[in-house]
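Okay, structure first, notes after.
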Amino acid sequence: MRYRTKEWYELCQRTGLHFGMRVHRGTYELDEALFLRRYKRKEKDYIELQREMYDIDPRFLLEQNGHVFVSAEKFLSGNEISEEDKKVYQMPAEERERIEKLIADYDVRPPFDELQHRIAFKEMQEWDYKHQKERLPKEIYEQIADIRVFTLGYCTREVMLQLKKQSAENRREMERVSNEYREAILAQDIPDEIHNRVQFHDCTVTELLTGDEVVIRFDIRGGFTNINKLTLVAPEILKQDGGIVGSYWLYQELYRIDNGYELHVLFDGENMPELIVRCADILVEEECG
């Protein structure tokens with residue numbers, strides 16, 4: 001990746017360091033009683049949310065069948081909506097079957113396990129404690145009296161101001177790189193049809209085959225496409241990190257070369273693997289079964 005690198009992705013995650021934070025005058029020093037009070041409050045909120053989600057009856061999903069809708073483009077145009085503009089959603093049989101299974105499971109679900117969610121909350125907090133040092137600039141991290149209280153969402157006024165300043169700086173740098181990337185891609189003069197062949201954001205790689213062709217198959221349930229097979233013709237692999245199978249396709253960069261294209265892909269998985277392949281052509285397919 002030349003622009004949308006792992007470092008750029010991590011920078012994107014640091015443009016809201018102050019989000020969800022509140023100033024608390026008790027955070028200037030280590031205070032175990034303060035930590036315990038705030039922890040119990042946050043834990044209670046978390047468990048209540050999990051209980052509400054657990055009690056959502058999936059029968060409401062069946063209400064989509066027969067629903068009348070209008071395309072977003074037509075709705076936002078401001079023009080009068082005619083009967084021809086309205087579409088009636090007919091739920092596919094397999095979707096109804098999936099929902100009915102959810103309903104059957106819901107009807108026999110065991111009682112809500114509060115202890116399980118207390119443990120989950122504790123594990124999430126402990127993971128966050130450890131990763132704050134990687135997430136925050138050293139000079140801000142060293143000003144935090146109790147990283148546990150900070151992770152729960154409380155800090156001093158001085159730290160809050162620095163978090164906001166750092167977030168703004170990170171956003172400016174993120175946007176600078178994004179603008180450079182857009183200019184570079186526009187300069188490639190690659191048709192939209194070709195760009196659209198490599199739109200697999202949030203799709204999971206289920207298979208990666210290399211040889212005379214590079215073939216990648218996807219689980220597309222988390223993505224925004226019906227295409228589940230990508231073939232790179234006459235490939236030259238410039239970089240192939242381990243751990244690509246099972247990871248999510250995050251971002252791609254596509255460049256024109258003399259005899260075809262150069263595709264760069266960044267994946268969201270352990271160590272954020274990367275794939276760079278030069279190829280003569282890019283083919284896509286919607287495989288069945």
Filter the stretch 84-99 down to residues that are in contact (Cβ under 8 Å) with a residue 12 or more places away in the chain and part of a helix (DSSP H, G or I) and give me whichever is least open to solvent (accessible area, probe 1.4 Å). Ile99
Sort through Asn79, Asn65 and tell me the only one that's within 22 Å of Arg221 (Cβ to Cβ), open to solvent by less than 100 Å² (accessible area, probe 1.4 Å), of a type outside the set (A, V, I, L, M) and at pLDDT below 85. Asn65
All but one of (1) farther than 30 Å from Ser167 by Cα; (2) among the polar types (S, T, N, Q); (3) more than 27 Å from the chain's Cα centre (by Cα) hold for Thr27; state the number of the condition that does not hold. (1)
Count of the stretch 209-248 residues which are under 16 Å from Glu285 (Cβ atoms) and either part of a strand (DSSP E or B) or open to solvent by 70 Å² or more (accessible area, probe 1.4 Å) (or both): 14
Is the stretch 175-182 home to any residue that is within 30 Å of Thr225 (Cα to Cα) and in contact with a strand residue (DSSP E or B) (Cβ under 9 Å, 6 or more places away or on another chain)? yes
Do you know which residues across the stretch 33-42 are within 31 Å of the chain's Cα centre (by Cα) and open to solvent by less than 100 Å² (accessible area, probe 1.4 Å)? Phe35, Arg38, Tyr39, Lys42
Tally up the residues in the stretch 273-288 that are over 17 Å from Lys6 (Cβ atoms) and touching a Lys or Arg at 6+ places or on another chain (Cβ under 6 Å), please. 4
What number of residues within the stretch 242-264 satisfy the criterion of being free of Cβ contacts under 8 Å to residues at least 40 places away in the same chain and closer than 18 Å to Gly223 by Cβ? 1
Contacts under 9 angstrom Cβ, first residue in the stretch 101-121 being in contact (Cβ under 8 Å) with a residue 12 or more places away in the chain, partner among the acidic types (Asp, Glu) and open to solvent by less than 40 Å² (accessible area, probe 1.4 Å), 6 or more apart: His117/Glu43; Arg118/Glu43; Phe121/Glu43
Could you go through the stretch 20-32 and let me know if any residue there is charged (D, E, K, R), surrounded by 14 or more Cβ atoms within 10 Å (Cβ to Cβ) and out of contact with any strand residue (DSSP E or B) (no Cβ under 9 Å at 6 or more places or on another chain). yes
Scan the stretch 252-272 and tell me whether some residue there is under 17 Å from Tyr3 (Cβ atoms), among the charged types (D, E, K, R) and not in a strand (DSSP E or B). no
Scanning the stretch 1-26 for residues that are polar (S, T, N, Q) and over 25 Å from Gln240 (Cα atoms) gives Thr15
Residue that is most open to solvent (accessible area, probe 1.4 Å) [pool: residues in the stretch 183-204 that are over 13 Å from Asn226 (Cα atoms) and free of Cβ contacts under 8 Å to residues at least 40 places away in the same chain]: Leu186
Only one of (1) among the small types (Gly, Ala, Ser); (2) more than 26 Å from the chain's Cα centre (by Cα); (3) closer than 30 Å to Glu126 by Cα does not apply to Gly66, and that is (3)
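The values are calculated or read from the model by the stated rules, or taken from the named source; none is laboratory data. Since the structure is predicted, the reported quantities are computational estimates derived from the model, not experimental observations. Cβ atoms come from the backbone with ideal geometry, glycine included; neighbour counts cover every protein chain shown. Surface accessibility is based on the protein's heavy atoms, side chains included, excluding ligands, DNA and RNA. Shrake-Rupley method; radii C 1.70, N 1.55, O 1.52, S 1.80 Å.
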